[in-house]
Amino acid sequence: MKFPQNIAGVVVGAMMMACVSAPAIAALPQGAKAPDFKLSAALGGKPFNFSLGETRRKGPVVLYFFPAAFTKGCTIEAHMFAEATDDFKALGATVVGVTAGAVDRVAEFSKSECRDKFAVAADPGAKVAAQYETVMKLPNQTLSERTSFVIAPDGKILLSYTDMNPQEHISKAMAAVRAWKAKHS
């Protein structure tokens, strides 16, 4: 019997594929206080320092964690958020993606896959993801689970949604932002 040379890669890939359709529950629930953080980020390939506290003072923040830049599901999700960013902005919301990765990777991802529409922050070691209790531990690495939050200007979590399938994240986040906007107009 012949085994693939990179058995660890096959096992990790199989584990991630098993998670694709398995919804989970984000640990920080709706109604909880969102931890503030600062991370290195990029928008349109240009690096800057992102602060959740400063950004949420301008309006709701659609904060979405994703496992890894340039992977199939994460690229699909980035394209979908890019298409919806103008609608979020019209409601006064800011979109930001966060992934366990290096700043140079998120800079490239923000330009190509996020289509210069929204910022992506690097969370090496998924430390911020751990504060939000949305991590996925794999052999030899810790990644963010695919989790979307909508955070009100006062820091309250309006939406907490975890599902490895990217399809519902945008519609659920949009509904939460619209509901917030309706209450605050």
Restricting to the chain, compute how many DSSP beta bridges are antiparallel as a %, nearest 5.
70
Of the candidates A107, A32, A69, which one comes out as most mobile in a Gaussian network treatment of the chain with C-alpha springs shorter than 10 Å?
A32
Could you derive backbone 3J(HN,Hα) for segment 30-45 from the dihedral phi with the Karplus parameters 6.51, -1.76 and 1.60 (θ = phi - 60°), listing whole Hz in sequence and x where the residue is Gly or Pro?
3, x, 6, 7, 6, x, 6, 7, 10, 9, 6, 9, 8, 9, x, x
Please identify every one of the trypsin sites (Lys or Arg not before Pro) in segment 88-178 that sits in a loop by DSSP and has no more than 16 other beta carbons within 10 Å of its own beta carbon.
R115
Using only the alpha-carbon atoms, what does segment 94-170 span along each of its principal axes? Please give whole angstrom values in decreasing order.
32, 31, 25
Quote the charge dipole size of the chain about the Cα centre in Debye, to the nearest 20; the model charges only the Cβ of Lys and Arg (+1) and of Asp and Glu (-1).
260
If I histogram all Cα-Cα distances within segment 57-185 using bins 10 Å wide from 0, what percent of pairs lands in each bin?
14, 47, 33, 6, 0
Got a sec? How would V128, V103, V96, V120 order by Cβ neighbour count within 10 Å, fewest to most?
V103, V96, V128, V120
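Helix-only mean residue ellipticity at 222 nm, the chain, DSSP H runs n ≥ 4 weighted -39,500 (n - 2.57), per residue, nearest 500. What is it?
Details: 6 runs with 67 residues, N = 185.
Mean residue ellipticity, 222 nm, calculated: -11000 deg cm²/dmol.
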When M80, M136 are arranged by how many other beta-carbons sit within 10 Å of their Cβ, fewest first, they go M80, M136
Given a 10 angstrom Cα cut-off, can you work out which residue in P124, P153, P139 is the most mobile in a GNM of the chain?
P139
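Return the subset of K46/K111; K58/K156; K58/K127; K156/K181 for which the Cα-Cα distance in this structure is over 18 Å, preserving the input order.
Working: K46/K111 8 Å; K58/K156 14 Å; K58/K127 25 Å; K156/K181 14 Å.
Checking Cα-Cα distances, K58/K127 exceed 18 Å.
The numbers here are math on the coordinates, done by the rules we state, and not lab data. Keep in mind that this is a model prediction, so the values were computed, not measured. Ideal geometry is used to build each Cβ from the backbone, glycine not excepted, and the neighbour counts take in all protein chains shown.
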